[in-house]
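Contents: one structure, followed by commentary.
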Amino acid sequence: MTTIKSPRARRTRKTGRRHPLASVALIAIGLLFTGGAYVAFSSSTAVATTDASSQQTIAEGEKLFAANCATCHGLSAQGSSEGPSLIGVGAASVDFQVGTGRMPMQMQGPQAQKKPVQFTTEQTAALAAYVASLAPGPAVPAAELLDAAGNAATGAELFRINCAMCHNVAGAGGALTEGKFAPAIENVSAQHIYEAMITGPQNMPVFNDMNITPEDKRDIITYLKYVEDNPSPGGLALGSLGPVAEGLFIWIFGLGAIVALTVWITAKSN
Amino acid sequence: MTTLTTRESAEDQAVGAKKTGGFTAAAANYIDERTSISGAVKELGRKIFPDHWSFLLGEVALYSFVIILLSGSFLTFFFQASMAEVIYDGSYAPLKGIPMSAAMSSTMDISFDIRGGLLMRQVHHWAALLFVASIGLHMLRIYFTGAFRKPRELNWVIGFVLFILAMAEGFTGYSLPDDLLSGNGLRIIDGLIKGIPVAGTWVSFLLFGGEFPGTDIVGRLYSLHILLLPAIIVALIAMHLLFVVVHKHTQYPAAGHTNQNVVGYPVLPVYAAKAGGFFFIVFGVVMLIASFFTINPIWNYGPYDPSPVSAGTQPDWYIGFADGAMRLIPTGWEFVWLNHTYSLNIFLVLVVVGLFIVTVMIYPFIEGWITGDKREHHVLDRPRNAPTRTAIGAAGVTFYASLWAAASSDIMATHFHLTMEGVIHTLQATTLLGPFVAFFIAKRVCLALQKKDREIVLHGYESGRIVRLPGGEFVEVHQPVDEYERWKLVSYSDFKPLMLRPNAQGKIGASEKIRAGLSRWFFEDRITPVTQTELNHAHGDHPAEITDK
């Protein structure tokens, strides 16, 4: 088969290469690749580049870093015995850790806790730009992935399969070993949810784009925002903690009310 | 039926215009002439029930069961007990287009697309939780007041079987929607069954119709849940209540309360009105809870799929103690022998929980054997007046509560900022040591309370009034306790440890020795009730009795 076909193939290729328009096509293809690569590169770091491109922002970030982070992470973010190296963690990681108040860390413990945010948005962006300038890493996600307008059903299924074992089906959080825990995902911004998935903060695994595609991540965010925005159809959700909360409720309030009523019924009339 | 009867009796009344007593009398007469029911009404209507709030707990259980039957019947109209795969196409957006079983899909429809369906589901589930909880509290009341003693031992066993059946009803119901949570629960049951040496795997395959989860289990649980178990429960409830009528109700010790009488209100009209009204109160409470609080949000859990398990997956509260026992077992308690794996970590839980359940069930017979008490008891014990029994109860409650708490170890860890390991190790300690501590403390507290009672009977209450006697002596006036109160404080039976006596052959058997030992353990530390002589003596030498006039 191949021996019969190959001379013909060679012939077509020869005519193709000698075609008068071949060089024009070659230039067009070359331009397309260069331009496409440029567009792809610039769009993937679109949010970061608005500030990161300016050397001034990076310099400002470096100053902030030296003042607030270098104690643990080292003067050039190379890490120390107190904190990991930040070279290559990317802007997304900085935006998540600093943007949710987890960094700078209040104290060493099983894991960094969420707390009031310590830096303004501009300062956080500057820090992120500085860390991103050290080595390439995951960038802050583009706005179109954070609109929570994907498919909630797909998102819910992906969430149950990939996230619920630690974060609970309704995102109410759950326990891990040695005092660590998966936090509740209520009132967490879409951007931070996305960044958590791509950077895997604390004990969370990294869900890269090969594992869960950006579109799937958008669906997961859609589901979480659906749960957050729509109150439980059955009434108060009791923290979405499941049967433990329900059992405590029926023993304390249900049976408590009933016992109070039995006392009232059998009380001697005055 | 009833409308027909009343119309006929109305006609009856119209024809015999001379009849007096009005419509009610005529209707009653009509029914009595055809059923001779007046004998039963006379007998039952004059039945006396003592009034105490704790005597209503069993009623709460009964009423919850009625609510469960009513709401459950509604749910059967719409629920499909099938594991056939369908694509959900109901109102709840985050599940649209997801494949699931017909059971899950129909439960979703009940929740979102059938008018009143979600309310009825929540009424059913909340009432089920209340049902088992009220049985539990009812049992604690019976135990700590000694109401299980002769002649009520069998009724204790019936009641306890009802408790087990209620848990079985709860668990089968919990598993029916085929959602992620219930599927995980079933998987644990499957694991428990498979943990039984040799037979486990076969039993599991028999139950699930092949490898878990299969496509049979929901249908099978449905038959149990709506047919077999409720039928047995109804029959046992009837027996339970019949025994209450036959034995007469117990009463707390108080002035005039003896083993021969029952002090209280007759069923008709007072008690029937109260109890009837109480049904609606319980119904109202359940309705309010079901209207305002979500229970078992299956839309969050999604359809069952063997791969995902949610954090915070727990059974309903009444299965919690078994789940907790599984969490407390240390790791690595399995071994391989003759090419078979023996999972002691699972099997031991079955054995311990089984032993605990059987011990509680036969407790009346154990205590009866130890005390050798063959008398009938219709007056309850105040818990302090049976220190060892109360202490055993406290130990049992501590053991159960530790297992129960362990089922929420992860929730405790996250909500109280503890480590999981710390919670588990603490609960392992309280499970093993807690009962002994609780036994000791409860017994000492009972004895101390008995001493206090004795002191009150003999010397009355300290009034805080200091009186100077003519001789110059200062004494504090003690207010003597009134007769009614004294009755309550002194009327309890005193037990002495059994004496070891040789039988007809002149021998002392091993079982007699054990029994005497246990009896000594039961009654060694005791405070005897105040006797008349002691009382007279106490009053005789009590100068404060003069009081100031």
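Observations on the model:
- Across peptide B:285-293, the average count of Cβ atoms from other chains found within 10 Å of a residue's Cβ is 4.
- Normalised Debye scattering of the protein assembly as shown at q = 0.06, 0.10 Å⁻¹ gives log10 I(q)/I(0) of -0.60, -1.19, counting only Cα atoms as equal scatterers and leaving out solvent.
- Most positive-pole-ward Cα, A:GLY74, B:LEU137, A:GLY235, against dipole of the protein assembly as shown from beta carbon charges: B:LEU137
- Anisotropy class assigned to segment B:337-488 is oblate, per the alpha carbon gyration tensor with a/c at or over the 1.5 cut-off and a/b no larger than b/c.
- Highest mean first, the peptides B:85-91, B:44-50 sorted by other C-beta atoms within 10 Å per residue fall in the order B:44-50, B:85-91.
- With the convex hull drawn around the C-alpha atoms of segment A:143-233, the volume per residue stands at 93 Å³.
- Evaluated with a Cβ-only charge set (Lys, Arg +1; Asp, Glu -1), segment B:442-546 carries a dipole of roughly 880 debye about its Cα centre, given to the nearest 20.
- For the cross-link pairs B:LYS47/B:LYS488; B:LYS374/B:LYS452; A:LYS217/B:LYS96; B:LYS451/B:LYS496; B:LYS274/B:LYS488, the ones whose C-alpha atoms lie over 20 Å apart are B:LYS47/B:LYS488; B:LYS374/B:LYS452; B:LYS274/B:LYS488.
- Computed log₁₀ I(q)/I(0) - Debye formula, equal Cα scatterers, no solvent, chain B, q 0.10, 0.11, 0.13 Å⁻¹: -1.04, -1.17, -1.39
- Of all stretches in chain A that contain no GluC sites (Glu not before Pro) in a DSSP loop with at most 15 other Cβ atoms within 10 Å, the longest one is A:83-185.
- Directionally averaged shadow of segment B:293-376, computed from the convex hull of its alpha-carbon atoms, nm²: 11.4
- Dipole in debye (nearest 20) - the protein assembly as shown, about Cα centre, beta carbon charges: Lys, Arg +1; Asp, Glu -1: 1400
- Protection proxy ranking, peptides B:490-502, B:450-462, average beta carbon neighbours within 10 Å, highest first: B:450-462, B:490-502
- Segments B:130-142, B:408-420 sorted - mean Cβ within 10 Å per residue, highest first: B:130-142, B:408-420
- Farthest toward the positive end of the dipole of segment B:442-546, out of B:GLY506, B:VAL445, B:TRP521, is the Cα of B:GLY506, where the dipole comes from beta carbon charges about the Cα centre.
- Rg [Å, one decimal], Dmax [Å, integer] - segment A:48-134, C-alpha atoms: 12.0, 37
- Rounded to the nearest 20 debye, the dipole magnitude of segment A:48-134 is 260 debye, with +1 charges on Lys and Arg beta carbons, -1 on Asp and Glu beta carbons, and the Cα centre as origin.
- Note on B:269-279: average number of Cβ atoms from other chains within 10 Å of each residue's Cβ is 1.
- Förster radius 22 Å - calculated FRET efficiency between B:THR258 and B:ASP494, Cβ distance, rounded to 0.05: 0.85
- At the listed q of 0.11, 0.14, 0.19, 0.20 Å⁻¹, the Debye profile of segment B:99-258, built from one uniform point per Cα, gives log10 I(q)/I(0) equal to -0.61, -0.87, -1.21, -1.28.
- Counts of other chain beta carbons within 10 angstrom of each beta carbon in peptide B:93-103 average 4.
- Dipole-positive endmost among A:GLY88, A:THR34, A:ALA135 within chain A (Cβ charges, Cα centre): A:THR34
- Rh by Kirkwood over Cα pairs, then Stokes-Einstein D for chain A at 0.890 mPa s and 25 °C, µm²/s: 108
- 15 Å Cα-Cα reach of A:LYS268 towards aspartates and glutamates, excluding residues that sit fewer than 8 places from it in its own chain: B:ASP51
- Cα-based equivalent ellipsoid of segment B:442-546: semi-axis lengths in Å, sorted from largest, via gyration tensor: 42, 14, 11
- Spin-label pair B:VAL437/B:TYR461, simplified geometry with 7 Å Cα→Cβ offset, distance in nm: 3.5
Every number here is computed from the coordinates shown, using simple stated rules; none is lab data. Because the structure is predicted, anything quoted here is derived from the model rather than measured. Counting neighbours? That spans all protein chains shown, and the Cβs are built from the backbone with ideal geometry, glycine included.
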